1. Taking the conditions exactly as written (outside any loop (DSSP other than H, G, I, E, B), out of contact with any Lys or Arg (no Cβ under 9 Å at 6 or more places or on another chain) and either hydrophobic (A, V, I, L, M, F, W, C) or modelled with pLDDT under 85 (or both)), does LYS66 satisfy them or not?
2. When both residues are 6+ apart or on different chains and their Cβ atoms are under 7 Å apart, which pairs have a first residue that lies in segment 27-44 and is under 17 Å from SER81 (Cβ atoms) and among the β-branched types (Val, Ile, Thr), and a second that is at pLDDT 90 or above and not in a helix (DSSP H, G or I)?
3. Exactly one of (1) modelled with pLDDT of 70 or more; (2) part of a helix (DSSP H, G or I) is unmet by ILE97. Its number?
4. Given the conditions (1) over 18 Å from the mean Cα position of the chain (by Cα); (2) at pLDDT 80 or above; (3) of a type in the set (S, T, N, Q), report the number of the one that ASN137 does not fulfil.
5. Which of the residues spanning segment 102-139 are out of contact with any helix residue (DSSP H, G or I) (no Cβ under 7 Å at 6 or more places or on another chain) and outside any helix (DSSP H, G or I)?
6. Failed condition for ASN142, given (1) in contact with a helix residue (DSSP H, G or I) (Cβ under 7 Å, 6 or more places away or on another chain); (2) modelled with pLDDT of 80 or more, with all others met?
7. Consider only pairs whose beta carbons are under 6 Å apart and that are at least six residues apart or on different chains; among these, list those whose first residue lies in segment 111-122 and is at pLDDT 75 or above and whose second residue is surrounded by fewer than 17 Cβ atoms within 10 Å (Cβ to Cβ).
8. So PHE153 passes all but one of these: (1) over 24 Å from the mean Cα position of the chain (by Cα); (2) surrounded by fewer than 12 Cβ atoms within 10 Å (Cβ to Cβ); (3) modelled with pLDDT of 75 or more; (4) in a helix (DSSP H, G or I). Which condition number does it fail?
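The values are calculated or read from the model by the stated rules, or taken from the named source; none is laboratory data. Every value quoted in this text rests on a predicted model; they were computed, and no experiment measured them. Here Cβ is always computed from backbone atoms with ideal geometry, including for glycine, and neighbour counts include all displayed protein chains.
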Amino acid sequence: MIIASVIIAVIVLYLIYLYNRLFKMRNRIREAFQAVEVYLQQRFDTLIQIGEAVVAYAKHERDTLKEITAMRQGLAGRSISEKLQAYEDLNQKLEGIRIQAEDYPQLQASRNFLHLQHTVNDLEEKLSAARRTYNANVIAYNNAIGMIPAVLFAGMFGFKAESMYEVPESKKQEIDMKQLLKG
C-alpha cells in the first residue's frame, strides 16, 4: 500500500513537473515570436517610409503602397504561421518598391533615404537573430514533447508541435525584381 502510494506520488509529481516545463517552453516560443513580430513590424514601417519616398518620385507606386497598407491591417487575429506568410508577402511587395528607388539617383543620394536604408539593414540583422532564437525554442519544445515519456502525456495536456520559421521557397531563388514590377 505504501509502495503504491509512493509510486503514484512520484508519477503525479513528474506530471506536474512535465506540465510546468512544457508550459514554460511554449511561452518562450510565444515570447520569441513576439520579438520576431516586433522586428518585422519595425522593418515594415521603415520599408513603408522608403516606399513613401519612392512614391514621391514615382506616382504609379501609390496604389501598391495603399494595397500593402491594407494587407498590413488584416494581420490581427491570425496564427503565427499565417502572420509569417503575410509578412513575407508584404515584404516582397515592399522590396519591389525599394528596388524602384534605383531608378532615382537623386532619391538615393538623400540623407533621409540613406538613413532609412541603414535602418532596414540593422533591422534585418536583429530580425535574423530573433528568428534564430524562435527556431531554437521551437526545436527544444518539439523535442521535449516528442520524447518518451513526455510524448505519452503532452497531447493529453494540450501541447502540440509548433512550426519553425522557414524561409519561403520564393526567397531561396534569384528574383528579378524589375521584371516582377513590370508583371
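1. yes
2. Qualifying pairs under 7 Å: ILE29/GLU162.
3. (1)
4. ASN137 satisfies all of (1) over 18 Å from the mean Cα position of the chain (by Cα); (2) at pLDDT 80 or above; (3) of a type in the set (S, T, N, Q) except (1).
5. Matches in segment 102-139: ALA109, SER110.
6. (1)
7. Note: pairs meeting the criteria are LEU116/GLN49.
8. (2)
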